[in-house]
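Working notes for the structure below.
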Amino acid sequence: MIDANLLRDNPDVIKASQRARGASESLVDDAVAADVSWRKALTDFETLRAEQNAKAKLVSSADKDSRAALIAEGQELATRVKAAEQLAAEAQTKLDEIIWQIENVVLAGVPSGGEDDYVVIREEGTKPTFNFELRDHVALGELLDVIDIERGAKISGSRFYFLKGWGARLELALMNMALDQAAQAGFTALITPTLVKPSVMAGTGFLGAHSDEIYYLPADDLYLTGTSEVALAGYHSDEIIDLSEGPLRYAGWSTCYRREAGSGGRDTRGILRVHQFNKLEMFSYIKPEDSEVEHQKLLAWQEQMLQKCELPYRVIDTAAGDLGSSAARKYDAEAWVPSQETYRELTSTSNCTTYQARRLNVRYRKENGKTATAATLNGTLATTRWLVAILENHQQEDGSVRIPVALRPYLGGAEVISPKQKN
RNA sequence: GGAGAAUUCGCCUAGUGGCCUAUGGCGCCAGCUUGGAAAGUUGGUUGGGUGCAAGCCCUCGGGGGUUCGAAUCCCCCAUUCUCCGCCA
């Protein structure tokens, strides 16, 4: 949710942001008007309520004669108060409906435009060249007996899979390496619930336009989360957290569930886009003024992981129109996928400034003792999808895959995954 | 799934219709005291909304109701605990 004070003092800033996103500008005018109506209705109600409170207080000390009259007055006031309260509540509902639709104010420097208007910040690593016919991760997965897509479909349908043998171990190794790195950087590990209440899902901003992407369990009124970000953001909801010793950083591990309803026939081959995968997610609660520095740190940690996996990648600054509603800025790191001869997203990090925290009511105490809304940031540190890039980039002519050096300690020292090898 | 109990300002706790503008303790903050501390002592200490401000309104797990008036009475929901039942 955007800052109501900003809406009152400087609606043009919000309009400019909406424009950059290609979102509705008139929504801002509607919100300003609704805000004025609400405050008027609220004042009316509170004035009447004050009168009612004062009258009610007189009753107990009144003598018999005036008592009956006071009670009659009180009865009359009570109906007026009820009506005024109703109006105020309606005005607030209307304001909420509008204000919740306004997306986060994008930060200065974010490229304007849509999905294809990203700016490439840098490219790192060397793309591999193969003097043999390269295999894609599906072929490698079959050859090495590490990914079983056929049986995944048999059990659960398309976009499901089994990770098997070294494939399963590779994913756990990757997650462990990421977790170690995160712990060294001061993150607290959290294994999070993957079923959450509607209020939490709404608070994190995932129940908006893309709610059909989310699995829902009607029998229990619970949502399956597509990222542990949901649980991590909800973790401190309705709390006043202590940021005096620095930011609170969590590394949340969870399985993630996505319906992929909008993705049509895209990426149907392999495990690039699946309904279920695992992810280690970084999440920071921080003072708003430090959020942009933290964002760079999250990105640096992501790049560190990509480098440990010896993957060629590039970093892009996502355009305003392609930001999620909570994000004020987003960087994606995309790894080179040889079989597709293109870069594919492996990590994403968003600075949600105070937008998400305001919805979830996460505050901290400033040095002057006042409370203020915290800022939240998130960023991927490892996902199942990384296996695609690792397998493809490190494949060798005989179909074996060289294990990146940094990962070997997590795989019992193994240096290569070979077709003939069983574990 | 069934039965019972509980939920009060960071923690514990008093409070069964108006004097609750919520008691007391612990913790924390500040003052006094001290060479400095401890002890002692005095004061402060839930948050939110609105308003230029004084102020006013809301906040006793959440929502609704009864009443002139609700922490207190009624209903629904959530969470926790105990017991029973079932179960990977």
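Summary table below
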read-out	value
Residue check, residue A:59 open to solvent by less than 60 Å² (accessible area, probe 1.4 Å) and at pLDDT 85 or above	no
Odd one out for residue A:66, checked against (1) in contact with a helix residue (DSSP H, G or I) (Cβ under 9 Å, 6 or more places away or on another chain); (2) among the polar types (S, T, N, Q); (3) part of a helix (DSSP H, G or I); (4) open to solvent by 70 Å² or more (accessible area, probe 1.4 Å)	(4)
Any chance residue A:205 is touching a strand residue (DSSP E or B) at 6+ places or on another chain (Cβ under 6 Å) and either small (Gly, Ala, Ser) or outside the structural domain of residue A:246 (by TED's automatic domain parsing) (or both)	no
Boolean, residue A:161 is open to solvent by 60 Å² or more (accessible area, probe 1.4 Å) and either at pLDDT 95 or above or among the aromatic types (Phe, Trp, Tyr) (or both)	no
Exclusive hit being part of a loop (DSSP other than H, G, I, E, B) and small (Gly, Ala, Ser), set A:270, A:252	A:270
Number of the exception - residue A:1 against (1) within 23 Å of residue A:358 (Cβ to Cβ); (2) within 14 Å of RNA strand B (Cβ to nearest atom); (3) part of a helix (DSSP H, G or I)	(3)
Residue count, the stretch A:388-400 (criterion: over 13 Å from residue A:128 (Cα atoms) and buried (at least 24 other Cβ atoms within 10 Å of the Cβ))	1
Selection from the stretch A:118-148 of residues that are in contact with a Ser or Thr (Cβ under 9 Å, 6 or more places away or on another chain), of a type outside the set (A, V, I, L, M, F, W, C) and open to solvent by 20 Å² or more (accessible area, probe 1.4 Å)	A:118, A:135, A:136
Which listed residue is assigned to a strand (DSSP E or B), surrounded by fewer than 24 Cβ atoms within 10 Å (Cβ to Cβ) and within 16 Å of RNA strand B (Cβ to nearest atom), from A:344, A:359, A:363	A:363
Given (1) within 10 Å of RNA strand B (Cβ to nearest atom); (2) surrounded by 14 or more Cβ atoms within 10 Å (Cβ to Cβ), number of the condition residue A:99 does not satisfy	(1)
Members of the stretch A:368-408 found to be within 16 Å of RNA strand B (Cβ to nearest atom) and on the phi > 0 side of the Ramachandran plot, listed by number	A:369
Cross-chain or 6+ apart pairs with Cβ under 8 Å, the stretch A:57-78 first and free of Cβ contacts under 8 Å to residues at least 12 places away in the same chain, then in a helix (DSSP H, G or I) and open to solvent by less than 80 Å² (accessible area, probe 1.4 Å)	A:62/A:70; A:67/A:59
Count of the stretch A:201-229 residues which are assigned to a helix (DSSP H, G or I) and either at pLDDT 90 or above or not hydrophobic (A, V, I, L, M, F, W, C) (or both)	5
From the options A:75, A:52, A:18, residue that is near RNA strand B (Cβ under 8 Å from one of its atoms) and either open to solvent by less than 50 Å² (accessible area, probe 1.4 Å) or touching a Pro at 6+ places or on another chain (Cβ under 8 Å) (or both)	A:52
Residues of the stretch A:182-200 satisfying the condition of being part of a helix (DSSP H, G or I) and either at pLDDT below 85 or surrounded by fewer than 21 Cβ atoms within 10 Å (Cβ to Cβ) (or both)	A:183, A:184, A:198, A:199, A:200
For residue A:38: the one exception among (1) touching a Gly at 6+ places or on another chain (Cβ under 7 Å); (2) buried (at least 16 other Cβ atoms within 10 Å of the Cβ)	(1)
Selection from the stretch A:121-178 of residues that are part of a loop (DSSP other than H, G, I, E, B) and of a type in the set (Lys, Arg)	A:127, A:135, A:159, A:164
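The values are calculated or read from the model by the stated rules, or taken from the named source; none is laboratory data. Because the structure is a prediction, the values reported are computed rather than measured. With ideal geometry, Cβ positions are generated from the backbone for all residues, glycine too; neighbour counts draw on all protein chains shown. Note: areas computed on protein heavy atoms with side chains; ligands, DNA, RNA excluded. Shrake-Rupley method; radii C 1.70, N 1.55, O 1.52, S 1.80 Å.
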